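Enquirer: Below are the structure tokens for one structure; questions will follow.
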Number of protein chains: 2
Amino acid sequence: MPSDTDGLSIGQVAERTGLSVHTLRFYEREGLLTRPVRRAAGGRRVYAEQDVEWLRVCVILRASGMPLPAIREYARLSAEGPGNESGRLELLRRHRETVNAQLELLGRSLDLIEFKVRVYEDILDHGHGCALPAEPPRQESPAPAG
Amino acid sequence: MPSDTDGLSIGQVAERTGLSVHTLRFYEREGLLTRPVRRAAGGRRVYAEQDVEWLRVCVILRASGMPLPAIREYARLSAEGPGNESGRLELLRRHRETVNAQLELLGRSLDLIEFKVRVYEDILDHGHGCALPAEPPRQESPAPAG
DNA sequence: CCTTGACCTGGAGCCGGCTCCAACCCCTGG
DNA sequence: CCAGGGGTTGGAGCCGGCTCCAGGTCAAGG
């Protein structure tokens, strides 16, 4: 266990990032890291705190649906060092827009789901009362199918 | 084209739902429909407006990440008719929670992304000024990796 | 009559993102 | 000395959700 001078084993990084060791090696193969991982005697990977930070960013980008190739590109730019900030900015802005679109879509889906939840709650509470609690979820018909 | 008395071809349903004809047949095989699709001479599918409404619900459930097996279950309950509303309600409530969790996660991811966008904007505008625009995105360190 | 186009079927293929396997290495403690 | 635990590798497998293919049927129009 290379704990001296903040070197971390793959298992420790897995714990800290929530990724599996499989996934960590996979990400490395996929070129998602900003720099080659150091190796200890016997070829074991030795990560630095820096790597963990980067991986945490990766986790968040993944969680927000950024595909691996895009993360790879971002990693590549980051690895290149200063000078390409506009490229990184563009990439992030694009991703921000897809996240906003996701949020919008998810929000509208939630409207429908909540509408239906209310419908069923009413059916169960009031015998099966009040014919449709008016409130077509944002644009589009309530589509009371199902 | 069976346009009389509101019968729709698979192609028309594809247009109206945004799903491909492939996907429509696939969903049918997967048991996502609430009732068997009627067939015209030659075995061609004939959909009713009702089916389109249900499929639009499916699209929204998919868009919000409900897996096919869950939709199948919901379809099964809906097909059974009245009497199982509590089952449907439970299913929808569970899904609502996963959607809320997604929204939460996505929102937090967005915080990080916007933070980084701001960082790069500042670098590009002000030469590369103001050392880190303070504002750790909700809990957790800003992790300025990358 | 023949083409065109929309439809049918069963089954195969693809893509993204992991996830696991076999076989091996190495360090540590008992 | 030897067992166990945690590494290493290349490559295979899996899962969800489509997506497509080959080969066929049918109806309408030129």
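The values are calculated or read from the model by the stated rules, or taken from the named source; none is laboratory data. As the structure is a computational prediction, the values presented were derived from the model and not from experiment. Cβ placement follows ideal geometry from the backbone for every residue including glycine, while neighbour counts extend to all protein chains displayed. SASA here: full protein model, heavy atoms, side chains in, ligands and nucleic acids out. Shrake-Rupley method; radii C 1.70, N 1.55, O 1.52, S 1.80 Å.
Enquirer: Restricting region A:63-93 to residues that are part of a helix (DSSP H, G or I) and among the polar types (S, T, N, Q), which is least open to solvent (accessible area, probe 1.4 Å)?
Expert: Among those residues, the one meeting the criterion is A:SER78.
Enquirer: Considering region A:22-48 alone, what residues qualify as being exposed (fewer than 13 other Cβ atoms within 10 Å of the Cβ) and in contact (Cβ under 8 Å) with a residue 24 or more places away in the chain? Lay out the reasoning, then the answer.
Expert: As a first pass, look at region A:22-48 and keep what is exposed (fewer than 13 other Cβ atoms within 10 Å of the Cβ): A:22, A:29, A:35-36, A:39-43.
If the condition is that a residue be exposed (fewer than 13 other Cβ atoms within 10 Å of the Cβ) and in contact (Cβ under 8 Å) with a residue 24 or more places away in the chain, then A:ARG35, A:ALA40 are the ones that fit.
Enquirer: On to the next question. Could you check B:GLY31 against (1) within 16 Å of DNA strand C (Cβ to nearest atom); (2) at negative phi and say which number it fails?
Expert: All conditions are met except number (2).
Enquirer: State which residue is nearest to the other protein chains (Cβ to nearest Cβ) when the search covers only region A:64-81 and only residues that are more than 15 Å from the chain's Cα centre (by Cα) and closer than 15 Å to B:LYS116 by Cβ.
Expert: For region A:64-81, the residue satisfying everything is A:SER78.
Enquirer: Exactly one of these conditions fails for B:LEU19: (1) within 12 Å of DNA strand D (Cβ to nearest atom); (2) open to solvent by less than 50 Å² (accessible area, probe 1.4 Å); (3) away from chain A (no Cβ under 14 Å); (4) not in a loop (DSSP other than H, G, I, E, B). Give me its number.
Expert: (4)
Enquirer: Return yes when B:ARG96 is more than 8 Å from every other protein chain (Cβ to nearest Cβ), more than 16 Å from DNA strand D (Cβ to nearest atom) and open to solvent by 40 Å² or more (accessible area, probe 1.4 Å) and no when it is not.
Expert: no
Enquirer: Looking at region B:118-130 only, could you name the residues that are at the interface with chain A (Cβ under 7 Å from one of its Cβ atoms) and surrounded by 19 or more Cβ atoms within 10 Å (Cβ to Cβ)?
Expert: Of everything in region B:118-130, just one residue is at the interface with chain A (Cβ under 7 Å from one of its Cβ atoms) and surrounded by 19 or more Cβ atoms within 10 Å (Cβ to Cβ), namely B:TYR120.
Enquirer: Would you mind finding the one in B:ALA41, B:ALA101, B:ALA14, B:ALA48 that is over 14 Å from the mean Cα position of the chain (by Cα) and either within 9 Å of chain A (Cβ to nearest Cβ) or more than 15 Å from DNA strand C (Cβ to nearest atom) (or both)?
Expert: Of B:ALA41, B:ALA101, B:ALA14, B:ALA48, the one residue that is over 14 Å from the mean Cα position of the chain (by Cα) and either within 9 Å of chain A (Cβ to nearest Cβ) or more than 15 Å from DNA strand C (Cβ to nearest atom) (or both) is B:ALA101.
Enquirer: Residue check, A:VAL59 against (1) under 19 Å from A:HIS95 (Cα atoms); (2) crowded, with 17+ Cβ neighbours inside 10 Å, all met but one. Which one?
Expert: Only one criterion is unmet by A:VAL59, namely (2).
Enquirer: Next up: Tally up the residues in region B:82-93 that are hydrophobic (A, V, I, L, M, F, W, C) and within 7 Å of chain A (Cβ to nearest Cβ), please.
Expert: As a first pass, look at region B:82-93 and keep what is hydrophobic (A, V, I, L, M, F, W, C): B:89, B:91-92.
In the following step, the residues that additionally are within 7 Å of chain A (Cβ to nearest Cβ) were identified as B:89, B:92.
Summing the residues that are hydrophobic (A, V, I, L, M, F, W, C) and within 7 Å of chain A (Cβ to nearest Cβ) in region B:82-93 gives 2.
Enquirer: Residue by residue through region A:24-57, note down the ones that are away from DNA strand D (no atom under 11 Å from the Cβ) and not in a loop (DSSP other than H, G, I, E, B).
Expert: A:TYR27, A:GLU49, A:GLN50, A:ASP51, A:VAL52, A:GLU53, A:TRP54, A:LEU55, A:ARG56, A:VAL57
Enquirer: Something else now. Does at least one position in region A:63-75 carry a residue that is basic (Lys, Arg) and over 19 Å from B:GLU121 (Cα atoms)?
Expert: Looking for residues that are basic (Lys, Arg) and over 19 Å from B:GLU121 (Cα atoms), one finds at least one in region A:63-75, hence yes.
Enquirer: With the requirement that a residue be part of a helix (DSSP H, G or I) and at pLDDT below 95, what does region B:1-16 give you?
Expert: B:ASP4, B:THR5, B:ASP6, listed by residue number.
Enquirer: Among the numbered conditions (1) open to solvent by 30 Å² or more (accessible area, probe 1.4 Å); (2) within 11 Å of DNA strand D (Cβ to nearest atom); (3) closer than 24 Å to B:ILE113 by Cα, tell me where A:ALA14 comes up short.
Expert: Evaluating A:ALA14 over (1) open to solvent by 30 Å² or more (accessible area, probe 1.4 Å); (2) within 11 Å of DNA strand D (Cβ to nearest atom); (3) closer than 24 Å to B:ILE113 by Cα leaves (1) as the failure.
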